[in-house]
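Working notes for the structure below.
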Amino acid sequence: MRLPTLHSLSLKDPMYTPAPVSLLCNYSTHVLFHLPTLNTLDTYDVSKTVTDVAEATVMKKRMYYHMRVKTVHRNMTDILTKMDVYKTKLEEFPHERIKSLYNVLKEIETELEDTWDLNIDLDFEEVVDLEKMDIATQAKAQKLEETGGFVAKHTCLKERIRKWERKCHEIECYYNEAAARIKKSADVIVNRMLIELESGGNVRFEEGSPTDIWFSSCHDLVLSRFCASDYKDHNVSGIKIHRIIRIHNRMLRTRFDDILSSIVDDPDGEYYPCNRNTGYRKLLEYLFWMQDPQLSNGANEPGHLLEEGFLEAQTYSDLGRDGAVSLSNSLSLADRHRIEHLTKNGKNSDYSDSCPFRYGQLVISKVYLGKSVKALDDRQISKSSYPKIDAVFKPRKMCISNEGDTLCECSARQCEWYLFDNRLVLPEYVVEFEYVTKFRSKSPFSYFNDMLLDNRECRLPAVPHADDDKSADDDVINMEPQCKPRPRLIALTEELVLKLANVDSMSSITSLNLHGNALSKLKPIHSLHNLKRLVVSGNELTKLDELSNMCIEYLDVSFNKLCTLDGLKNVHKLKFLDLSWNKLCNTREDLSILRKHVPNLLILDTRHNNWQKPENLRLRIIGRLKSLTLLDGSCVSETEATGALRIAAGSRISHLSLLTHTRTDNNKPRSLSLLTTPHILEKISRSKPEKMNEHDSHWFLKVTSLNLDKQHLTKLSGLEKLENLKWASFADNDLTKIEGLENCLKLHELYLDNNCLSKLEGIGKLIQLRRLSLDSNYISTLENTGIQFLTGLSYLSLENNKIVSLAGVQKLMSLVELYVGNNILNSVREIFFLKTLPNLVIIDLYGNPVVHEMDNYRLFIIYHLKTLKALDGLAIVSSQIRYCGFIIIPVIPIVMDFLGKEEIPF
């Protein structure tokens, strides 16, 4: 609060004209919330009771909108998870074919190795391509004419593998495109909610339905101004409207009405000073606006104009556009800049929608045209060129000169309008639509439409199997020559090793190929002291303990079942390592092992594993293995190496990062923002700690807020001296354990969203904690984790985890909000752990199996949790409370089973 001693404020005095802001709804409530020290407001005394009511009202609104935002994010995560599952199913057949082809490929390489003794040392410094790894094999093969068939088959197999890899890449591209669209849609919805909250309800967005008259009128208006002939070059045949939102902006509406009144009201007349000329209505028109991506900061303009209106004419001129608000009475004209931009970008993409501009957002505005004329020429339009004119229009032919003749007569009516006064342009509707093309979208993810606002189960579409021909690669696999059949080994002994290597002693073996067996252990391998090259792909290995302390330089363990690298220790001479097609997932632990025990690695392949947080995996690997030259088939660039080193340097908490991201404010900011307290303080507060000298440690005690989101942290350390820390956020990092907070006993809020936490530990001593958020982790249980000691906790969020039971929550008597959506709660009996919580108001369970598998689920929850006001992002209405009594009899067996057939707690 910038004026902490302000006690009296007057913006609406009966003796004077009130300030416009004082006429807005919820004006007094928000002034009293932001200025709690006021004793007098607008000549009225302010009591503590009134201030408390204002604060309670605002906090309830914040809680309500926070719940709605969480609902959107939860639904978005659910859709993205289902899309990821669907992507996995789409990739099953290509992956199956790749594995089959690789199996034959490895057999050929084994055949060639058996034919000749490979003792050629590989120069790893010069290797820049995975295909060059078998230099020795290829060199030997080229010397012998009888192996020409194997070489030709090897080449054909490689080419076919690349074909299926391109198919997988295509699926990945379509998935990323659809995921980006879903995330963008979620951001737009959340931004509208924040506008509603932060404007105090003076800007509202009303979701339309076909039963609303205005919805039908708006729907028909858009269809009437769409002409398929305008899109003949893009194969667009129609338009589908998904959603229409009505904008209620009290500030812009008041401004529009005031300006319009000053223009159309007749100042003459002795008795009726405000005789209004109704002829002005003929000059009112509804025109279209769509985003121009090429405009500077154009990506933020849609949100800006809904809240604050269009930019001034001079601002558009400064941005290199016509000096006026540009609108149109035609959808194609309004959307032409976006279509041109996205079509151009789509050509540079390997795989993209044939209609890259398929989804769009249209703003319909009410405008007063006033005095208008046709544009004189193609020169840039500005007010100075038309001093006495309110609006200028350009016919379609002037806007698109090279279009040629068109068969549609509606093109003659299509115009682009330029309004010089942005106050006479009032945004009233937002239309979210989709272009319908003559040819169906190639993207397999087009089914996943926007389902972010409604609690509708996102069902997976059927996987198309039309192209799944299992004999598709038989022509290559069955090419001559065929490899000799080999016995499949299930165990390894020294005798077998000597026989396979065709030598007399173990010390003579420098290269060994054991591809395509069923080996789960490699015990005799450890006695091969001179082994340099080992291939054990296509086996059943789950760990690599037997390879510790060996001098291997080349190791291929692809196509196994490795779930950890814990046993791979002290192999400092290893330069090539293929870990692809395994089950590795613990990113931090496995990368730490590679950094410590395989420091000289030059070539590494980690593809097709279940890595946690794979989006940053490449840079994390490069940052830890500084000698890498080739990673996952791609060369390591200098830019990547520099970025990776920066990430690696920031993965530990330093004094510099603490000084940068901490604040010393003692009071929580009074803000309507839904950001976390550390985020808000870092944005608005200037109270940074000051370190007087190198030996000064007193600044630690002044720190109250810490925001270390998105810092690639792998461990919480160096926080022991932050004894007065109240608000801390470590979201979007790579933490696997909650630690280092033992001395931060004054913590009120802790945010650890989107990390790699599998256990809830290290929080039992934080008894002053009020808010705890652990969304998007891997936590499976709450029982005996220390959470039972957090009796003052009022907010707990564990969405998108692997929670199987709510046991452990029953002692959190102060809990008000509980978010556990998108977990693995299967039994309705889990609800009874919440019956002891007297203050529980909001709970979100949506996305758990119990929601869809139980009849009358919602009524059952409402009946048993009497204090609830909202469930799964939806308010509980009185009719549901009355009706839920009818479900008592059907659920008695369930309750009796839970209680051991004792007394029923009704």
Rounded to 10°, Cα long-axis angle of helix 587-597 versus longest principal axis of the chain: 40 degrees
Value of D in µm² per second that Stokes-Einstein yields for the chain, Kirkwood Rh from Cα pairs, at 25 °C (0.890 mPa s): 74 µm²/s
Solvent accessible area, Å² - E783, 1.4 Å probe, full protein context: 100 Å²
Sequence-distant aspartates and glutamates (8 or more away, or on other chains) whose Cα lies within less than 17 Å of K484: E107, E109, E111, E113, D114, E146
Anchor K561: lysines whose Cα lies under 16 Å away (excluding residues fewer than 8 positions away in-chain): K99, K521, K543, K583
Sequence of M479, M15, M83, M59 from largest to smallest accessible area, 1.4 Å probe: M15, M59, M479, M83
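Would you mind checking K87/K532; K347/K715; K626/K688; K60/K710; K48/K765 for any pair whose Cα atoms are more than 32 angstrom apart? Intermediate values should be presented prior to the final figure.
Working: K87/K532 39 Å; K347/K715 43 Å; K626/K688 35 Å; K60/K710 30 Å; K48/K765 35 Å.
Correct reply: K87/K532; K347/K715; K626/K688; K48/K765.
Highest mean first, what order results for 677-684, 641-648 on Cβ atoms within 10 Å?
Numbers: 677-684: 19.9, 641-648: 15.8.
My ranking of the peptides, most packed first, is 677-684, 641-648.
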Interchain or long-range residues, amide H under 5 Å from K569's placed H: S548, N549
Cα principal axis extents for segment 276-431, largest first, Å: 59, 39, 28
Mean projected area (nm²) of the alpha-carbon convex hull when segment 494-633 is viewed from all directions: 7.4 nm²
Å² of accessible area per residue within segment 650-898, as computed with a 1.4 Å probe and no ligands counted: 43 Å²
Extension reserve of the E783-L319 stretch, reckoned as 0.36 nm per residue once the Cα distance is removed: 161.2 nm
More than 25 angstrom apart: percent of Cα pairs within segment 650-898: 47 percent
Environment charge at G740 (Cβ cut-off 10 Å; Lys +1, Arg +1, Asp -1, Glu -1): -1
Charge dipole (debye, nearest 20) of the chain; +1 at Cβ of Lys and Arg, -1 at Cβ of Asp and Glu: 1780 debye
For segment 491-496, Karplus couplings with θ = phi - 60° (6.51, -1.76, 1.60), whole Hz, Gly/Pro x: 8, 10, 10, 4, 4, 5
Surface/4 estimate of mean projected area, convex hull on alpha-carbon atoms of segment 658-758, nm²: 6.5 nm²
Difference of contour (0.36 nm per residue) and Cα-Cα distance, E340 to S8: 114.0 nm
Separation of the T37 and E540 label points, Cα + 7 Å toward Cβ, nm: 7.5 nm
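Which percent of the accessible heavy-atom area of the chain goes to carbon and sulfur, probe 1.4 angstrom? Mind showing how you got there, number by number?
Details: 23080 of 45020 Å².
Using a 1.4 Å probe with all protein chains present, the chain comes out at 51 percent carbon and sulfur.
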From phi via Karplus (6.51, -1.76, 1.60), per-residue ³J(HN,Hα) for segment 215-223 in Hz, x at Gly/Pro: 5, 5, 5, 5, 4, 5, 5, 5, 5
Å² of accessible area per residue within segment 494-633, as computed with a 1.4 Å probe and no ligands counted: 40 Å²
Whole-number D in µm² s⁻¹ for segment 583-689, Kirkwood Cα-pair radius fed into Stokes-Einstein, 4 °C, 1.567 mPa s: 79 µm²/s
Residue-by-residue Karplus 3J(HN,Hα) for segment 551-565, coefficients 6.51, -1.76, 1.60, Hz, glycine and proline x: 9, 5, 10, 9, 9, 10, 10, 5, 6, 10, 10, 5, 10, 7, 10
Nonlocal amide H pairs with V463, under 5 Å, H built at 1.01 Å: none
Segment 542-578 residues near the modelled T629 label - backbone nitrogen below 18 Å, point 7 Å along Cα→Cβ: 553-555, 573-578
Rounded to 10°, Cα long-axis angle of helix 148-198 versus longest principal axis of the chain: 30 degrees
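Leaving ligands and nucleic acids out of the surface, order E830, E720, E312 by accessible area at 1.4 Å, largest first. Write out the running numbers ahead of the final one.
On the way: E830 25, E720 95, E312 115 Å².
I get E312, E720, E830, largest accessible area first.
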Spin-label pair D469/I259, simplified geometry with 7 Å Cα→Cβ offset, distance in nm: 6.5 nm
Gain on full stretching of the segment that runs from L675 to K374 - 0.36 nm per residue minus C-alpha separation: 103.5 nm
Segment 218-242 and segment 781-818: distance between their alpha carbon centers, rounded to Å: 51 Å
Order of exposure, largest accessible area first, which applies to L11, L287, L859, L3 with probe 1.4 Å: L3, L11, L859, L287
Share, in percent, of DSSP beta bridges within the chain that are antiparallel, nearest 5: 55 percent
Angle between the chain longest axis and helix 250-264 axis [Cα atoms, degrees, rounded to 10]: 40 degrees
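What number, rounded to the nearest 500 deg cm²/dmol, is the helix-based mean residue ellipticity at 222 nm of the chain, given -39500 (n - 2.57) per DSSP H run of at least four residues and division by all its residues?
Values: 23 runs with 290 residues, N = 906.
When only DSSP H runs of four or more count, the value is -10000 deg cm²/dmol.
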Under-5 Å amide H pairs with R243, H placed in peptide plane, nonlocal only: E432
Solvent accessible area, Å² - E494, 1.4 Å probe, full protein context: 90 Å²
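The values are calculated or read from the model by the stated rules, or taken from the named source; none is laboratory data. Here the structure is a predicted model, which is why all the values come from computation and not from measurement. Here the Cβ is made from the backbone with ideal geometry for all residues, glycine too, and neighbour counts use every protein chain on show. With ligands, DNA and RNA removed, areas are computed over all heavy atoms of the protein, side chains included. Shrake-Rupley method; radii C 1.70, N 1.55, O 1.52, S 1.80 Å.
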